[in-house]
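Written out below as structure tokens is the structure these notes cover.
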Amino acid sequence: TPEEQAVRMEVRECMEKEVAPIMTKVFPLFSVFVECANIFVYWEKAEFPFEVIPKLGALHIAGGTIKGYGCPGFSITGSAVAAAEVARVDASCSTFILVHSSLAMLTIGLCGSEMQKQKYLPSLAELKTIACWGLTEPDNGSDASGLGTTAQKVEGGWILDGQKRWIGNSTFADILVIFARNTSTNQINGFIVKKDAPGLQATKIENKIGLRIVQNGDILLKKVFVPDEDRLPGVNSFQDTNKVLAVSRVMVAWQPIGITMGVYDMCHRYLKERKQFGAPLAAFQINQQRLVQMLSNIQAMLLVGWRLCKLYESGKMTPGHASLGKSWITLRARETVALGRELLGGNGILVDFHVAKAFCDLEPIYTYEGTYDINTLVTGREVTGLASFKPAP
Ligand code: FAD
């Protein structure tokens, strides 16, 4: 719609003009590629660029589809194209905002009490406070429903004990949405934990080769007290977590679309600029074939992403649809970025030329919000009626 196009162009302009220069520094070499090459300063140092938070906050995209409470109330398509435009410039930035918005804020929006929505969502929407979303544990990744963190009811609240792993934004988040097993009912419950809660500790995971800007953490919860008012009343089983994941998987599916669009743009420019055998690389048939293959993949990914949004908007989207879309799109994106990496020759392995960085950034996206395999099994269960997550006894 014209509104969705306007969101897209506004995010694109801000990302290109305001965010991209913060992330990169022009490569200081005398080269014909001076236009293409950049040093991705924060990515190299694996540091989070806190200076982009006010810029992303001013865009007013956090909270996506949530209506009211200072959130934008976009259509899911509007929210998805915004996510893609952020990812087109930087995948880590888009993961930062998706964890905050499509996981943590959405959980509060879908499963929080009226008081919790009023208390937390407005400042989260402005990015004045930052959130993370903790489901995965060291011993429970794909098997998230078997999580071991416990929540024990005590007078006036709950005591949380356990560990979380890989949690994006957790090293600096003001609030942490944490899932734990209720020791009385044995069901999964959700809690809002404040960053200064005694017994809470988040440690940065070092040495990642992808999404290096995203600060993923190991969380330790040692007898952390959470008052009753911060238990999310709408999370009463793992199925409630899945409701959030089905929507956020649509958003995550649009990240690889944005990443591959950015890679395509870079390859297109590069092929026109660099010459071999007296002609631009773009003049060679094999390179054109690769470029066209990338373009066709992107068009197909866009159509699948768009179809997911339309199914969601008509109330017909099932968890299987979301899983199929996320897994198929990330697989195609992996293939597309690999083609781009080939087009750049040696420069295809340098972070400076964007494509190698995108290549690495896609790997965790292929894995998080359900690996390719797990999303395939979710779809498989839906089309056959048979769950095959556990090996036969
Ligand atoms: P495992 O579950 O150990 O899987 C290993 C391999 O076995 C995979 O190939 C998997 O597909 C396969 N496998 C497992 N079970 C089956 C099965 N039944 N059948 C067939 N194959 C199977 N989590 C959060 O809660 N919050 C976050 O913010 C967050 N951010 C993340 C950011 C990054 C960069 C990464 C890497 C992860 C993040 N995660 C987050 C965790 C992510 O969701 C998990 O890594 C993911 O679910 C996979 O779990 P695992 O890594 O433990 O792999």
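The values are calculated or read from the model by the stated rules, or taken from the named source; none is laboratory data. Note that the structure is predicted; figures quoted are calculated from it, not measured. Methodologically, a virtual Cβ is constructed for each residue, glycine included, from the backbone with ideal geometry; neighbour enumeration extends over all protein chains shown.
Please go through the stretch 304-324 and give me each residue that is under 22 Å from residue 292 (Cα atoms) and buried (at least 22 other Cβ atoms within 10 Å of the Cβ), ordered by number. Quick ask: steps written out before the conclusion?
Of the stretch 304-324, the ones under 22 Å from residue 292 (Cα atoms) are 304-306.
The one that is under 22 Å from residue 292 (Cα atoms) and buried (at least 22 other Cβ atoms within 10 Å of the Cβ): 305.
Can you find, within the stretch 334-393, the residue that is modelled with the lowest pLDDT among those that are of a type in the set (S, T, N, Q) and away from the ligand (no atom under 16 Å from the Cβ)? Break it down into steps so the answer makes sense when it comes.
Taking the stretch 334-393 as the starting set, the residues that turn out to be of a type in the set (S, T, N, Q) are 336, 347, 367, 371, 375-376, 379, 384, 388.
From what is left, the residues that are away from the ligand (no atom under 16 Å from the Cβ) are 336, 347.
Values: 336: 98, 347: 95.
Taking the candidates together, the pick is 347.
Looking at residue 336, is it hydroxyl-bearing (Ser, Thr, Tyr) and in contact with a Pro (Cβ under 9 Å, 6 or more places away or on another chain)? Working first, answer last.
Working: hydroxyl-bearing (Ser, Thr, Tyr): yes; in contact with a Pro (Cβ under 9 Å, 6 or more places away or on another chain): yes.
Here the answer is yes, as residue 336 does meet what is asked.
Name the residue, out of 204, 223, that is basic (Lys, Arg) and farther than 15 Å from residue 171 by Cα. Break it down into steps so the answer makes sense when it comes.
Working: 204 fails: farther than 15 Å from residue 171 by Cα.
On inspection, the qualifying residue turns out to be 223.
Considering (1) within 24 Å of residue 96 (Cα to Cα); (2) surrounded by fewer than 18 Cβ atoms within 10 Å (Cβ to Cβ), say which one residue 244 fails and leave the rest.
Looking at each condition in turn, residue 244 falls short on (2).
If residue 222 meets every condition in (1) modelled with pLDDT under 95; (2) outside any helix (DSSP H, G or I) apart from one, which number is that one?
(1)
Which one of these is among the hydrophobic types (A, V, I, L, M, F, W, C), without any contact (Cβ under 8 Å) to a residue 12 or more places away in the chain and at negative phi: 377, 386, 344? Full working, then the answer.
Numbers: 377 fails: without any contact (Cβ under 8 Å) to a residue 12 or more places away in the chain; 344 fails: without any contact (Cβ under 8 Å) to a residue 12 or more places away in the chain.
Answer to the selection: 386.
The rows are residues; the columns are (1) surrounded by 21 or more Cβ atoms within 10 Å (Cβ to Cβ); (2) modelled with pLDDT of 95 or more; (3) under 27 Å from residue 54 (Cβ atoms); (4) within 11 Å of the ligand (Cβ to nearest atom).
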site: 93; (1), (2), (3), (4): yes, yes, yes, no
site: 96; (1), (2), (3), (4): yes, yes, yes, yes
site: 101; (1), (2), (3), (4): yes, yes, yes, no
site: 105; (1), (2), (3), (4): yes, yes, yes, no
site: 127; (1), (2), (3), (4): yes, yes, yes, no
site: 146; (1), (2), (3), (4): no, yes, no, yes
site: 160; (1), (2), (3), (4): yes, yes, no, no
site: 171; (1), (2), (3), (4): no, yes, yes, no
site: 177; (1), (2), (3), (4): yes, yes, yes, yes
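Residue check, residue 374 against (1) within 30 Å of residue 75 (Cα to Cα); (2) surrounded by fewer than 17 Cβ atoms within 10 Å (Cβ to Cβ), all met but one. Which one?
Among (1) within 30 Å of residue 75 (Cα to Cα); (2) surrounded by fewer than 17 Cβ atoms within 10 Å (Cβ to Cβ), the lone unmet condition for residue 374 is (2).
From the list 182, 236, 186, which one is surrounded by fewer than 15 Cβ atoms within 10 Å (Cβ to Cβ) and more than 11 Å from the ligand (Cβ to nearest atom)? Don't jump to the end; show me each part of the working.
Values: 182 fails: surrounded by fewer than 15 Cβ atoms within 10 Å (Cβ to Cβ); 236 fails: surrounded by fewer than 15 Cβ atoms within 10 Å (Cβ to Cβ).
Testing whether each residue is surrounded by fewer than 15 Cβ atoms within 10 Å (Cβ to Cβ) and more than 11 Å from the ligand (Cβ to nearest atom) leaves just 186.
Filter the helices (runs of 4 or more DSSP H) completely within the stretch 274-393 down to those with at least 2 residues that are over 25 Å from residue 135 (Cα atoms) and in contact with a Cys (Cβ under 6 Å, 6 or more places away or on another chain). Full working, then the answer.
Numbers: elements: 285-313, 319-343, 355-367, 372-384.
Because the criterion is at least 2 residues that are over 25 Å from residue 135 (Cα atoms) and in contact with a Cys (Cβ under 6 Å, 6 or more places away or on another chain), the helices (runs of 4 or more DSSP H) in the stretch 274-393 that meet it are 319-343.
Would you mind finding the one in 208, 194, 204, 153 that is closer than 27 Å to residue 92 by Cβ, more than 14 Å from the ligand (Cβ to nearest atom) and of a type in the set (D, E, K, R)?
Details: 208 fails: more than 14 Å from the ligand (Cβ to nearest atom); 204 fails: more than 14 Å from the ligand (Cβ to nearest atom); 153 fails: closer than 27 Å to residue 92 by Cβ.
That would be 194, the only listed residue that is closer than 27 Å to residue 92 by Cβ, more than 14 Å from the ligand (Cβ to nearest atom) and of a type in the set (D, E, K, R).
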